[in-house]
Amino acid sequence: MRTLDKRENELEKRGREAIVATGLAVSVAVCLAATIIFFTRTAISAGPGCFSCHGAEAAAKEQYRGIPPVDVSVLGNSTHKKINCTDCHTDALFTENEGKNHPKNLSEVDCAKCHYKGNTVGAPQLTPMDDLKDSIHGAGTRKKYGNDLPKCKDCHGTHEIYPKADARSRTDRLNIPATCIRCHADSGITERHKIKGEVAKAYLNSVHGRALKETGLNIAAVCVDCHGVHDIRAPGDPKSKVSRPNIPETCRKCHAGIYKQYIQGIHGQELLKGNKDTPVCTDCHGEHTIRSHRDPESRVYPTHVSKTCSHCHDDVILERKYSLPARRLSTYSDSYHGVALKYGDKRAANCASCHGTHDIRPSSDPESSINPENLPGTCGKCHPNAGKRFAQGKIHVEATKDSNPGKYYVRKFYTWFISIIIGCLVLYIISDLASRLRKATSRR
Amino acid sequence: MTEMKEESAANKENHKYYLRFPLSYRVQHIILVLSFFTLIITGLPLLFPGSKFLRAIFIVPDIFVLRGVIHRIAAAALMLLGAFHVLFVIFSDQGNKDVRAIMPRWSDIGKGLRSILFNLGVTGDPPEYGRFRPIEKFQYIATAAAVAVMIGTGVIIWFPDLSMMLLPKWVMDVAITVHGLGAVLVFSTLILWHIYTVHFGSEDFPMSRVWLDGKISEEKMKKTHSLEHKNIREAEQQEKK
């Protein structure tokens, strides 16, 4: 082995220096990069960057007055907790504004940036939001409703959006009435857009609202069950879930058994034929004011049933249009059942006691409760031992010559008889008074 | 009729009284009054179900049901009274005599017309009445008929299940109509005829006490039941002989 000569020593020395220099340069570069990355990352994430002005401590300081504070704990528990502020508030990006504070009024957050069908960030779209644009809350109606039009944040909230199963979520079933009522019972909005504010509030006293409020029965119908979620349409719109012909299908979602009975009965059959006059669920039960049939304020409480039915069955125009038997209400009211019910005796038969509730059928139908073959059973519900003879003869009794000659002639006879008797008596009284007068005058 | 003498302290005259209605009559009549009154009060509401006034009374359904119970109790009382009365007129002497006297005769029509004409000043003489004036006979017959009809139809209505099992339904409808309109008839006849006759028609307005104490004074007898008065006088004189 020979020793390196002068030139070789120089090269080696330079080589070693180069390695050290490179190593140093790389370290410095790495440190610098890390520093830069660290600081720029701070500007994007929910770290000291945004909260230095929008945090709770900042709110106490004089210089940050007027800046809207953001509650960290709310954000931290919300469903968006892993997302950066600037992912939604895109125009607040630090780097975009050349290191200065972001402009005073940020533009509106566009939720559709992530919440669209087929998005890759895992943003849920539980109900089709494409329906929104055609719905009554859609962008198409913005001209009409202006700033009153609800946006995503009006129903879902802003920073306080919670996961669907969370009870704190504004769209949790138990909270939905409150969410909708915020606008639908707001006096300003209801006045401006002619919304019936008391209607929404009436829901809270209905059987559905009470079940929800008082016992937390979250399967009770709430606004979205009947009206839809993003596809809400005005009741007059034929595609609306609450347009009259669609109502039975809407109620069917929970009341399937009753729907089955209804659709087999005459009212339901007429609905299938497209008859616009036939009653649907809400015609008898009400809509936001629906109460249990055991509630004395219900439209189908025993003492109110005859009034509800007579809306159509005591209407001369409808009677003529559909050849319905006439004078149903007056003949019922004349009968003992009608009289007793008017005096509050709930045991007495009302319309539904004999005709049924949902599967009302004409008497010609062999399954009808008022078919002559079935009448003894129907009457027998209250009158045990009601035999065939019991149910013979007219039930709705009219005092006309052809339908009930006995009653007709008795009435006629008594009318005459009473009139004659009273007439005779009046004559007698007159004659008696006359004689007294004569006696009195003759005494003078 | 028995005779009673009473001293009147005021006039020192002998006010002679006759016992027109013995106790049995008065008791029957009072029971009749009470039962009629109760039946009408508890029955008429059924004819006016739309009345707000009546519904204010029957404020709770139980009151309405109670009304029905009271009506049936009074009806039972009336039925017992009716049965008693029938037995009474058959088996008691007094009843026998009086029921014969109260039966209307053809002459009553004439008497009735004459009384009206007399009242109007057309004829000169007032007619003479026996124990029962035509108007009183009419009221008795009318009451008896009305009670019979009301009890008959009432029983049919009282047991609707049984009635409708045995009889055609139209019988039930007719029974209800007759019962209701019969009630109106009784009510108007009673109030107008009877109350007028005994309160305003009698000479001792406001009210003659004969239905309470059974006594009728001699002067009144002479005025209103002159024939009977004559018969009694003759009978007394016969006895004296």
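Examine region B:17-30 for a residue that is within 30 Å of B:E218 (Cβ to Cβ), under 23 Å from the mean Cα position of the chain (by Cα) and of a type in the set (G, A, S), and state whether such a residue exists.
Checking region B:17-30: at least one residue is within 30 Å of B:E218 (Cβ to Cβ), under 23 Å from the mean Cα position of the chain (by Cα) and of a type in the set (G, A, S).
Which one is nearest to the chain's Cα centre (by Cα) among residues in region A:227-267 that are in contact (Cβ under 8 Å) with a residue 60 or more places away in the chain and not in a loop (DSSP other than H, G, I, E, B)?
Only one residue tops the list, namely A:I258.
Could you check region A:102-117 and list, in sequence order, the residues that are more than 30 Å from A:H193 (Cβ to Cβ) and surrounded by 13 or more Cβ atoms within 10 Å (Cβ to Cβ)?
A:H102, A:C114
Name the helices (runs of 4 or more DSSP H) wholly inside region B:144-241 in which the number of residues that are touching a residue at least 40 places away in the same chain (Cβ under 8 Å) is 1 or more.
It comes to B:169-189, B:210-213, B:218-224, B:226-240.
So, of the residues in region A:118-153 that are surrounded by 11 or more Cβ atoms within 10 Å (Cβ to Cβ), hydrophobic (A, V, I, L, M, F, W, C) and under 24 Å from A:S107 (Cβ atoms), which turns out to be modelled with the lowest pLDDT?
A:A139
I'd like to know if region A:31-49 contains one or more residues that are among the aliphatic types (A, V, I, L, M), open to solvent by less than 60 Å² (accessible area, probe 1.4 Å) and modelled with pLDDT of 80 or more.
No - not one qualifying residue is present in region A:31-49.
Within region A:385-412, work out how many residues are surrounded by fewer than 17 Cβ atoms within 10 Å (Cβ to Cβ), outside any loop (DSSP other than H, G, I, E, B) and facing chain B (nearest Cβ under 7 Å).
Residues flagged as surrounded by fewer than 17 Cβ atoms within 10 Å (Cβ to Cβ), outside any loop (DSSP other than H, G, I, E, B) and facing chain B (nearest Cβ under 7 Å) within region A:385-412 amount to 1.
So which of B:V60, B:V69 is within 14 Å of chain A (Cβ to nearest Cβ), loosely packed, with under 13 Cβ neighbours inside 10 Å and modelled with pLDDT of 90 or more?
Only one candidate qualifies: B:V69.
Conditions first: (1) in contact with a Ser or Thr (Cβ under 9 Å, 6 or more places away or on another chain); (2) open to solvent by 70 Å² or more (accessible area, probe 1.4 Å); (3) in contact (Cβ under 8 Å) with a residue 60 or more places away in the chain. A:K196 passes all but one, so which condition is the exception?
Evaluating A:K196 over (1) in contact with a Ser or Thr (Cβ under 9 Å, 6 or more places away or on another chain); (2) open to solvent by 70 Å² or more (accessible area, probe 1.4 Å); (3) in contact (Cβ under 8 Å) with a residue 60 or more places away in the chain leaves (3) as the failure.
Name the residue that is farthest from B:V178 (Cα to Cα), counting only residues in region A:427-444 that are within 8 Å of chain B (Cβ to nearest Cβ) and open to solvent by 70 Å² or more (accessible area, probe 1.4 Å).
Once the filter is applied, the top-ranked residue is A:R438.
Would you check which residues across region B:112-132 are at pLDDT 85 or above and within 14 Å of chain A (Cβ to nearest Cβ) and list them?
Matches in region B:112-132: none.
Please work out which residue is farthest from A:H288 (Cα to Cα), limiting yourself to region A:206-218 and to residues that are open to solvent by 50 Å² or more (accessible area, probe 1.4 Å) and in contact with a Lys or Arg (Cβ under 8 Å, 6 or more places away or on another chain).
A:N218
Search region B:154-190 for residues being within 7 Å of chain A (Cβ to nearest Cβ) and hydrophobic (A, V, I, L, M, F, W, C), and hand back the single one that is nearest to B:E136 (Cα to Cα).
So, considering only residues that are within 7 Å of chain A (Cβ to nearest Cβ) and hydrophobic (A, V, I, L, M, F, W, C), the one nearest to B:E136 (Cα to Cα) is B:L185.
Based on what the data block shows, is A:R327 farther than 25 Å from B:F64 by Cα and open to solvent by 50 Å² or more (accessible area, probe 1.4 Å)?
yes
For region A:324-362, which positions are modelled with pLDDT of 90 or more and away from chain B (no Cβ under 14 Å)?
Result: A:C351, A:A352, A:S353, A:C354, A:H355, A:G356, A:T357, A:H358, A:D359, A:I360, A:R361, A:P362.
Does region B:82-133 hold any residues that are open to solvent by less than 70 Å² (accessible area, probe 1.4 Å), more than 17 Å from the chain's Cα centre (by Cα) and over 19 Å from B:S226 (Cβ atoms), and which are they?
Across region B:82-133, the qualifying residues are B:S92, B:N96, B:G121.
Could you please tell me which pairs satisfy a Cβ distance under 6 Å, a separation of 6+ or placement on different chains, a first residue in region A:277-302 that is modelled with pLDDT of 90 or more, and a second residue that is open to solvent by 60 Å² or more (accessible area, probe 1.4 Å)?
Close Cβ pairs satisfying both conditions: A:V280/A:R244; A:G286/A:R299; A:R291/A:E297; A:V300/A:H293; A:P302/A:K346.
Among B:F48, B:F53, which is loosely packed, with under 14 Cβ neighbours inside 10 Å, within 14 Å of chain A (Cβ to nearest Cβ) and in contact with a Leu (Cβ under 7 Å, 6 or more places away or on another chain)?
Only one candidate qualifies: B:F48.
The values are calculated or read from the model by the stated rules, or taken from the named source; none is laboratory data. Here the structure is a predicted model, which means the values were calculated and not measured. Cβ coordinates were reconstructed from backbone atoms using ideal geometry, including for glycine residues, and neighbour counts include every protein chain displayed. When the accessible area is computed, the model is the full protein with side chains, heavy atoms only, and any ligands, DNA or RNA have been set aside. Shrake-Rupley method; radii C 1.70, N 1.55, O 1.52, S 1.80 Å.
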